[in-house]
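Only one structure is covered here, and it is reproduced in the block below.
Throughout, read-outs are computed from the coordinates displayed, never taken from laboratory work. Computed from a predicted structure; not experimentally measured. Ideal geometry is used to build each Cβ from the backbone, glycine not excepted, and the neighbour counts take in all protein chains shown.
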Amino acid sequence: MCGRYATSKSSLDLAALFGATDDVEGLEPDYNVAPTDPVPVVRITSASRHLNVARWGLLPHWAKDPRVGARMINARAETVATSSAFASAFERRRCLVPADGWYEWVRTKNGKQPYFMTPADGQIAVFAGLWANWGPEKLLTCSIVTTAAVDDLALIHDRMPLLLPPSRWDAWLEGPPDASLLAPPTSSEVAGLELRPVGSAVGDVHNDGPELIRRVAAPSLTESGENPVDLTLF
């Protein structure tokens, strides 16, 4: 599950990083992205990369109500190619979802401890995403593809976003929809992630700001980790 994350880079910086046309007006930092929030995505339109803003929670064409999208924020890599909700998007509407990192919660003896998984070098993480236009107004919506957690990330949660290094961006955006696109990250690709304990304020979706991603003192995962907590809808 990836139910909360942070994205703070400007549209100018993101467009430059991805070599994309900036079609975004006024992209604000968001350190507590929640389902149905507007988020930046990079996709191929008119044969070139474009930076757009999409509503997080993909709405398939058959959805009768936009509230359905709150349940479509994640697409499992194991079933995305066959799912009635995501198969057509996987086949021809894939996107990149840039992020500073993502949050998960671990239940400890002292309560729920949130962690922020983020590149230790300060670079962005890029999630594999899907997009779709919905309704007469062509509302742009998106979902994040998840996969089984690898290495120490599994101490926090059994799922994680499908992370894409720069070498996989082109194939994800434009390659044929085969199983190789869904290969999970390797140990070397996640080795640079920091698993950072952060304060409990992130649990309230109304809170925002860089203070949410600041490290706090916490027991080590091997000492305190128990069952992961899903706070997607909190």
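Annotations
- Each principal axis of the Cα cloud of the chain was taken in turn, and the coordinate range along them, longest first, works out to 51, 37, 36 Å.
- Among T118, T45, the order by Cβ neighbours within 10 angstrom, fewest to most, reads T45, T118.
- Cα pair distances of the range 1-98 binned at 5 Å [whole percent]: 2, 13, 22, 22, 21, 15, 5, 0
- Equivalent ellipsoid, the range 117-190 (semi-axes from 5 times Cα gyration tensor eigenvalues, Å): 25, 15, 13
- Projected-area average for the range 43-165 over all orientations - Cα convex hull basis, square nanometres: 9.3 nm²
- Residues W62, W169, W131, sorted so that the one with the fewest Cβ neighbours within 10 Å comes first: W62, W169, W131
- Our estimate of slack between E189 and A81, defined as 0.36 nm per intervening residue step minus the Cα-Cα distance, is 36.5 nm.
- Given 14 as the ceiling on other Cβ atoms within 10 Å, longest exposed-site-free region of the chain for GluC sites (Glu not before Pro) in DSSP loops: 138-225
- Normalised contact order of the chain, rounded percent, pairs of Cα under 8 Å and 6 or more residues apart: 23 percent
- Using Cβ point charges alone (K and R +1, D and E -1), the dipole size of the chain about the Cα centre works out to roughly 520 debye.
- C-alpha center-to-center spacing [the range 94-117, the range 1-56] in angstrom: 19 Å
- Annotation: the range 53-113 has a Kirkwood hydrodynamic radius of 13.8 angstrom, from the mean reciprocal C-alpha pair distance.
- Rh (Kirkwood; distinct C-alpha pairs) - the range 155-208, Å: 14.1 Å
- 13 Å reach of a label modelled at V150, 7 Å along Cα-to-Cβ, counting backbone N of the range 168-197: 168, 181-193
- For the range 109-114, 3J(HN,Hα) per residue [Karplus equation, 6.51 cos²θ - 1.76 cosθ + 1.60, θ = phi - 60°, Hz, x = Gly/Pro]: 4, 9, x, 8, 9, x
- The chain - mean residue ellipticity at 222 nm from DSSP helices (-39,500 (n - 2.57) per run, n ≥ 4, rounded to 500): -2500 deg cm²/dmol
- Set of aspartates and glutamates near K112 by C-alpha distance (under 15 Å), chain-local residues within fewer than 8 positions excluded: E104, D204, E223, E226, D230
- Here the residues L130, L17, L96, ranked from fewest to most Cβ neighbours within 10 Å of their Cβ, fall in the order L17, L96, L130.
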